[in-house]
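See structure below.
A short reminder: the numbers here are calculations on the coordinates, not readings from a lab. Just so you know, these numbers come straight off a predicted model, no measurement behind them. Methodologically, a virtual Cβ is constructed for each residue, glycine included, from the backbone with ideal geometry; neighbour enumeration extends over all protein chains shown.
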């Protein structure tokens, strides 16, 4: 099942959501022109490699500074494939505009980055020995989904049933709850399957979602009319 759209209209132009989609797309376009060797270096330098921060000996051998924490941010803007980018940006497009509506652009960006940072920390903790770079915006987007879970629980999410010309509207609380169950199942059973630089960061997804659930109220802009929220 793939979410197609939600039913909550925007009241303000989601400039920051558009900007984040644009930056991520431009970064992917840039990386698509790199050679395999350059791409490997890019992902290892600016992707989030857990062993870089948990094994100083390995980090020294690999030439990665363990005191450089910029990858916790830069990794959010890298994607391993076109499908990886499209799926993340599609979720950002569906859920991000409504959360930006309630927070304003600057607060929304701060919220987005903070959720992504929490997601990165949790992923590093649960993947301490991994030398595979974690990349992608999914942890930050999971935080947006966590905020949506509480702000618009009864909004309708229109989902497309794969391989069928069938669209079904379900409550956001049901769709997002099911999404969390999948992440938790994958994280705890070790069923993650992925390509070299795009292994799914299940714990990062959960970390971002929890961060969004717990902190979204801090970022809400009181002057914005909450009418329309469930």
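Quick check: pseudo-label points 7 Å beyond the Cα along Cα→Cβ at residue 215 and residue 189, how many nm apart are they? If labels sit at residue 215 and residue 189, their model points lie 3.1 nm apart. Rounded to the nearest 10 degrees, the inclination of helix 82-103 to the longest alpha-carbon principal axis of the chain is 50 degrees.
Which percent of the Cα-Cα distances in segment 50-147 go past 18 Å? In whole percent, the share of Cα-Cα pairs in segment 50-147 beyond 18 Å is 50. Between 156, 217, 41, the residue with the greatest mean-square fluctuation in the GNM of the chain (Cα pairs under 10 Å linked by springs) is 41. When both bridge partners sit in the chain, DSSP labels roughly 90% of those beta bridges antiparallel. The alpha carbon centroids of segment 1-80 and segment 151-165 are separated by 27 Å.
The modelled label-to-label distance between residue 36 and residue 181, using points 7 Å beyond Cα along the C-beta direction, is 4.2 nm. Shape annotation for segment 2-219: C-alpha extents along the principal axes are 51, 36, 35 Å, from largest to smallest. Highest mean first, the peptides 113-119, 16-22, 158-164 sorted by other C-beta atoms within 10 Å per residue fall in the order 113-119, 16-22, 158-164.
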